[in-house]
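Worksheet: one structure, shown below.
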Amino acid sequence: MLAQFKQSQQQWGGVNKTIDSWLQERQAVLVSYCELAGLPPFKQSENTLPCTLNIKRFCQVLMDYISAGHFEIFDAIVAKCKVNGQQSADKAQSIYPQINSSTDFALQFNDNFAELESLKTSNDFDQSLSTLGKHLEERFHFEDQLIANLYDNHS
């Protein structure tokens with residue numbers, strides 16, 4: 001995910017303020033995810049559950065990112081793609097639904113873990129966090145396709 005993010009940032013960073021802001025939010029999600037998962041450079045002791053405050057912070061960053069995409073960014077990109085013609089608009093419209101499965105899982109993750117006062121077991125959390133990571137990786141891939149469609153046809 002981090003390599004994909006760096007590539008996206010290099011490719012589209014500085015081209016558009018909205019996209020730059022969105023990529024910064026994506027970076028915040030990735031850093032928070034890595035911290036929660038205990039991935040390098042962050043470390044957690046084995047068999048130690050993350051503190052609920054860190055889970056809540058991650059969920060807030062995640063919801064902010066998801067919301068920005070759905071309520072600001074996607075519509076703006078699709079509208080700009082429509083300016084270039086039906087083919088560009090159709091491609092953007094075909095990518096958008098593929099992003100929704102990750103949204104559904106992120107919302108479910110938030111519902112399950114954002115308001116917990118304590119985690120009793122790591123099994124459910126670890127599995128959910130891992131599955132969320134897979135959904136995020138897929139989401140970032142589709143979001144990058146959406147951005148590429150915009151810039152391939154509008155730059």
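Tabulated values for the structure
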quantity: Formal net charge of residues neighbouring T52 (Cβ-Cβ distance under 11 Å; K, R +1; D, E -1); calculated: 0
quantity: Heavy-atom accessible area order for K56, K17, largest first, 1.4 Å probe; calculated: K17, K56
quantity: Rounded accessible area per residue of region 74-152, 1.4 Å, Å²; calculated: 53 Å²
quantity: Net charge of neighbours whose Cβ lies under 12 Å from the Cβ of I66, counting Lys and Arg as +1 and Asp and Glu as -1; calculated: -3
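The values are calculated or read from the model by the stated rules, or taken from the named source; none is laboratory data. The model shown is predicted, which means the values in this text are computed figures rather than measured ones. Please note: Cβ atoms are built from the backbone with ideal geometry, for glycine as well, and neighbour counts cover all protein chains shown. Protein only, heavy atoms only, side chains kept; ligands, DNA and RNA dropped before computing areas. Shrake-Rupley method; radii C 1.70, N 1.55, O 1.52, S 1.80 Å.
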